[in-house]
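J.: Quick one: this structure, given as C-alpha cells, is what I'll be asking you about.
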Amino acid sequence: METQSVKFGTPSKQATVSKVRVVVRVRPFLPQEITARNGNSKSCIFLLDHQDNGSSDEVSVHLKDPNTSRNESYRLDSFFDQEDDNVRKIFYREVNSLIPGIFHGFNATVFAYGATGSGKTYTMQGTEEHPGLMPLAMSTILSICQSTGCIAEISYYEVYMDRCYDLLEVKTKEISIFDDKDGQIHLRGLSRVPINTMSEFHQVFSCGIQRRKVAHTGLNDVSSRSHGVLVISVSTPCDDGSRPVLMGKLNLIDLAGNEDNRRTCNGGIRLQESAKINQSLFALSNVIYALNNKLPRVPYRESKLTRILQDSLGGTSRALMVACSNPGEYQESLHTVSLAARSRHISNVLSSAQKLQTPKEKVDMEAKLQAWLESKGKTESAQRMGPFATRLVGKTPSSIRSMKKLDYNSSCKVKNSTKDDPSNTKD
C-alpha cells in the first residue's frame, strides 16, 4: 500500500518540532436549514475565490456575518468546504500520513472540535456509505498489519461529567487516569480488544457507540453528552527479537460540542452535562493558550479531558485538529475557528527524558572565553590577570549567559512574527 512507503521521520529530525496541524471542515447545509433560510445556501465561512487550497502551506479562512458588516480572517493549514465526501479528503490529505509512524512506536492524535450540531460525530464516525475518520484509519491500519505481521487492538471510552467510562465493557465501569515517571498517561483498567478484520471492528465499535451517552437538545436530536475517544494501538515486533516490541497508538477523539444553553433550552441533568462539557472545553482552551504563550504552568489538571490530552500535545506525538463548522452559524463558527487558529501554533517538543538521550557536544569553555575576550579587545588585560584568569576557565560569565538568553528570545520573536497573523490573537 502507498501508506507503507510514507516515512514518519527519525526522532532526531521529526521529533524536535512538530506543529499541530489545524484544518477546517464545513459541513453541508441540511435540507431543513435551507428551507428555514428561504432557500439561501450561502455560507458564512469561505476561502477567497483566488485561493488554491492545495498550492500553499496555509490558507486564509474568512468569516462574514450575514446580519452585520463584520468580517474576520484567520490563517489555518487547510480548508474543506461543503462537498458531500470531504471527510474522505481530510483522511487522505491529513490523517493518512500519521499512520506509518504508529508502526514505528510513535503516537498521534486526531480530534474534532466545534459547536453542537457542527458535524463532529459525523466527521469521526461517518456512515456506511461515507465512512468517517475512525473506520478509514482502522481499515488502513489493518491493511498494513496484514502485510507486516503487526497486531492492532482498540479501546473505546468516554469522558462524561468529568469522569471516564469504558464503552467496551458490558457493564460500563469508571476508569482512573494516572501518569508515570516519564509523563506518559495511562488509563487503569481500560479494556483492549484485538481486531483482525473490519467486520470485527464494526461489531465491537457499534456496541461501544450504543453505550455512549447522547440526548435530545433544542439544537440537536442526537447530541453527544460526552467526549468519545477511540484508541487504536499497534504492536510491532522486532524481526530478530533483539529489541522490545514497539508500541504506538492513534487517538481519535470526538469532542462534545460547546453549548449555548440559551439556545438549547437545557435544564436539569442536560444543564449539568452542558456545564461539564463547556467547563472541559474551556480548560482545553486554557491549555492551548498556555502552550502558545509558553507559560511556565500549563493547566492540564483542570479537567479529565486535558489530563488525557497531556501527552498528546507534547513529546514526539503528532496531532491534527479538525475544526468543524456549521455554514449557517456565524458566531459559533467564529468561536471555533479563532480557537483553531490559536491551536495551530502549538509545537510538540522533545520530552526531558528524550533530551537526555541526545548526544551533547562538549564545549571548550576556555577557548570560548578567549574568543569573547578578544572580541571585546580585552585579551591583553586578561593575560595580565595572571593566576586570576585560571579561575574563569570552565565557567560561563554572566554576561555571556545573558547574551545567550537575549539572542534566543529575540530569535523566537522574529520567527513567530514572520508566521503569526495578527488576527490570530483575537478571541
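The values are calculated or read from the model by the stated rules, or taken from the named source; none is laboratory data. The structure displayed is predicted, hence computed values, not measured ones. Because the Cβ atoms are built from the backbone with ideal geometry, glycine has one as well, and the counts that use them run over all protein chains shown. Just the protein is used for accessible areas: all its heavy atoms, side chains included, with ligands, DNA and RNA removed. Shrake-Rupley method; radii C 1.70, N 1.55, O 1.52, S 1.80 Å.
J.: Taking the Cβ of Glu129 as the centre, find all other residues whose Cβ is under 14 Å away and add up their charges (Lys, Arg: +1; Asp, Glu: -1).
T.: Summing Lys/Arg as +1 and Asp/Glu as -1 gives -2.
J.: Tell me, what is the percent relative contact order of region 17-350, built from C-alpha pairs under 8 Å that lie six or more residues apart? Mind dumping the intermediate values first?
T.: On the way: 674 pairs, mean separation 96.6, N = 334.
Over region 17-350, the number comes to 29 percent.
J.: Quote the accessible area belonging to Thr197 in square angstrom, nearest 10, computed with a 1.4 Å probe and with ligands, DNA and RNA left uncounted.
T.: Thr197 exposes around 60 Å² with every protein chain in place.
J.: Sticking with this one: Say the dipole of region 17-350 comes from +1 at the beta carbon of Lys and Arg and -1 at that of Asp and Glu; which of Ala319, Leu47, Tyr122 then lies farthest toward its positive end?
T.: Result: Ala319.
J.: Quick one: grab the alpha carbon gyration tensor of region 96-160, order the square roots of its eigenvalues as a ≥ b ≥ c, and give me rounded if a/c is under 1.5, else prolate or oblate depending on whether a/b is larger than b/c.
T.: The shape class here is prolate.
J.: Can you say what percent of the DSSP beta bridges in region 17-350, counting only those with both residues inside, are antiparallel? Round to 5. Could you put the intermediate results ahead of the total?
T.: Details: 45 of 67 bridges.
If we restrict to bridges inside region 17-350, about 65 percent are antiparallel.
J.: For Ala256, enumerate residues with amide H under 5 Å from its amide H, sequence gap 5+ or separate chain, H modeled in the peptide plane.
T.: His227, Gly228
J.: May I ask you to order 318-325, 204-211, 273-280 by the average number of other C-beta atoms within 10 Å around their residues, highest value first?
T.: Top to bottom by mean Cβ count within 10 Å: 318-325, 273-280, 204-211.
J.: Under a Cβ-Cβ cut-off of 10 Å, what is the net charge of the residues other than Val234 that fall near it, where Lys and Arg count +1 and Asp and Glu count -1?
T.: In short, 0.
J.: Okay, next question. If amide H atoms are built 1.01 Å from N in the plane of the peptide, which residues on other chains or at least 5 residues away come under 5 Å of the amide H of Thr109?
T.: The list, which skips near neighbours in sequence, is Asn251, Arg318, Ala319, Leu320.
J.: In whole percent, how big is the carbon plus sulfur part of the accessible area of region 17-350, probe 1.4 Å, protein atoms only? Numbers along the way, then the final one.
T.: Details: 7320 of 14710 Å².
For region 17-350, the apolar C and S fraction of the accessible surface comes to 50 percent.
J.: So, one more: Over region 17-350, average the accessible area per residue using a 1.4 Å probe and give it in Å², no decimals.
T.: I get 44 Å² per residue for this part.
J.: Here's a follow-up. If we count every other residue with Cβ under 14 angstrom of Ala283's Cβ, Lys/Arg +1 and Asp/Glu -1, where does the sum land?
T.: +3
J.: Related question: I'd like the distance separating the alpha-carbon centroids of region 128-171 and region 309-348, in whole Å.
T.: Centre-to-centre (Cα) distance: 22 Å.
J.: Could you pull out the pairs from Lys276/Lys304; Lys173/Lys304; Lys120/Lys249; Lys171/Lys304 whose alpha carbons sit more than 18 Å apart here?
T.: Lys120/Lys249; Lys171/Lys304
J.: Moving to a separate point now. Using +1 on the beta carbon of Lys and Arg, -1 on that of Asp and Glu, and nothing else charged, what's the dipole of region 17-350 about the Cα centre, debye to 20?
T.: 880
J.: With θ set to phi - 60° and the Karplus curve 6.51 cos²θ - 1.76 cosθ + 1.60, what are the ³J(HN,Hα) couplings of region 280-289 in order, to the nearest whole Hz, using x for Gly and Pro?
T.: Listing the rounded values in order: 5, 5, 5, 5, 4, 4, 5, 5, 4, 4 Hz.
J.: In addition: Got the relative contact order for region 72-157 handy, in percent, Cα pairs under 8 Å and 6 or more residues apart? Present the calculation step by step, with values, prior to reporting the outcome.
T.: Working: 49 pairs, mean separation 21.2, N = 86.
The value is 25 percent.
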